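The values are calculated or read from the model by the stated rules, or taken from the named source; none is laboratory data. Fair warning: this is a prediction, and the values are worked out from it, not measured in the lab. Cβ atoms come from the backbone with ideal geometry, glycine included; neighbour counts cover every protein chain shown. All accessible areas refer to the heavy atoms of the entire protein, side chains included, with ligands and DNA or RNA removed. Shrake-Rupley method; radii C 1.70, N 1.55, O 1.52, S 1.80 Å.
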Amino acid sequence: AWKFPGGLSNPGEDIGDTAVREVFEETGIKSEFKSILSIRQQHEHPGAFGKSDMYIICRMEPSSFHISFCQHECLRCEWMDLEELARTENATPITSNVAKLLLFGYREGFDRIDITMREFPAVYTGLFYKLYHRELPESYRNMT
């Protein structure tokens with residue numbers, strides 16, 4: 001079945017950095033993290049080491065387009081039309097739903113679906129945290 005690249009985060013690795021690394025490792029495509037599209041939660045996942053599994057689906061923007069895929073992790077790798085991917089029976093349910101989200105974003109605007117990231121200073125001196133949320137209108141961002 002067709003699916004998007006993915007994998008586990010390394011300890012201390014941010015969501016966007018994991019997505020960039022996994023896309024490159026599996027496809028050879030260099031990319032930039034743009035947003036979170038959705039989150040899948042699953043309990044009793046056989047590959048989650050006895051823990052509940054959170055699978056974070058990110059929107060990426062490629063900066064290279066030549067595929068050089070990892071034959072240890074992928075049987076096949078190719079660019080696909082999103083409408084075809086949304087309709088094919090040869091995709092996982094999560095893949096076809098994400099393809100539909102992407103189609104909606106391209107047609108109606110990603111501001112309607114993106115979960116973006118902002119970095120803020122933590123209460124601990126010198127540390128920062130990342131907050132992921134739908135973008136607030138400017139009038140709310142600038143409230144004092």
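Overview of values
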quantity: Among (1) surrounded by 14 or more Cβ atoms within 10 Å (Cβ to Cβ); (2) assigned to a loop (DSSP other than H, G, I, E, B); (3) at pLDDT 95 or above - the single one HIS45 does not satisfy; calculated: (3)
quantity: Residue match in segment 13-35 (condition: open to solvent by 70 Å² or more (accessible area, probe 1.4 Å), polar (S, T, N, Q) and under 17 Å from the mean Cα position of the chain (by Cα)); calculated: no
quantity: Among residues of segment 105-127, those that are over 22 Å from ILE57 (Cα atoms) and either of a type in the set (Ser, Thr, Tyr) or surrounded by fewer than 10 Cβ atoms within 10 Å (Cβ to Cβ) (or both), counted; calculated: 6
quantity: Restricting segment 1-51 to residues that are touching a residue at least 60 places away in the same chain (Cβ under 8 Å) and of a type in the set (A, V, I, L, M), the residue that is nearest to ALA99 (Cα to Cα); calculated: LEU37
quantity: Any hit, segment 53-64, residues being in contact with a His (Cβ under 9 Å, 6 or more places away or on another chain), polar (S, T, N, Q) and part of a loop (DSSP other than H, G, I, E, B); calculated: no
quantity: Inter-residue pairs, beta-carbon under 7 Å, first modelled with pLDDT of 90 or more and in segment 123-136, second of a type outside the set (S, T, N, Q) and part of a loop (DSSP other than H, G, I, E, B), 6+ apart; calculated: PHE128/ALA122; TYR129/ALA122; LYS130/ASP14
quantity: Residues within segment 106-122 that are touching a strand residue (DSSP E or B) at 6+ places or on another chain (Cβ under 8 Å) and either within 14 Å of ILE39 (Cα to Cα) or without any contact (Cβ under 8 Å) to a residue 60 or more places away in the chain (or both), tallied; calculated: 9
quantity: Some residue of segment 95-104 being touching an Asp or Glu at 6+ places or on another chain (Cβ under 7 Å), open to solvent by 50 Å² or more (accessible area, probe 1.4 Å) and not in a strand (DSSP E or B); calculated: no
quantity: From THR144, THR125, THR92, residue being among the β-branched types (Val, Ile, Thr) and under 26 Å from GLN42 (Cα atoms); calculated: THR92
quantity: Condition met for GLN71 (open to solvent by 90 Å² or more (accessible area, probe 1.4 Å) and touching a Phe, Trp or Tyr at 6+ places or on another chain (Cβ under 9 Å)); calculated: no
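Conditions tested, residue by residue: (1) in contact with a His (Cβ under 7 Å, 6 or more places away or on another chain); (2) under 23 Å from ARG118 (Cβ atoms); (3) assigned to a helix (DSSP H, G or I).
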{"residue": "GLY12", "(1), (2), (3)": "no, yes, no"}
{"residue": "ASP17", "(1), (2), (3)": "no, yes, yes"}
{"residue": "GLU25", "(1), (2), (3)": "no, no, yes"}
{"residue": "PHE33", "(1), (2), (3)": "no, yes, no"}
{"residue": "LEU37", "(1), (2), (3)": "no, yes, no"}
{"residue": "ILE67", "(1), (2), (3)": "no, no, no"}
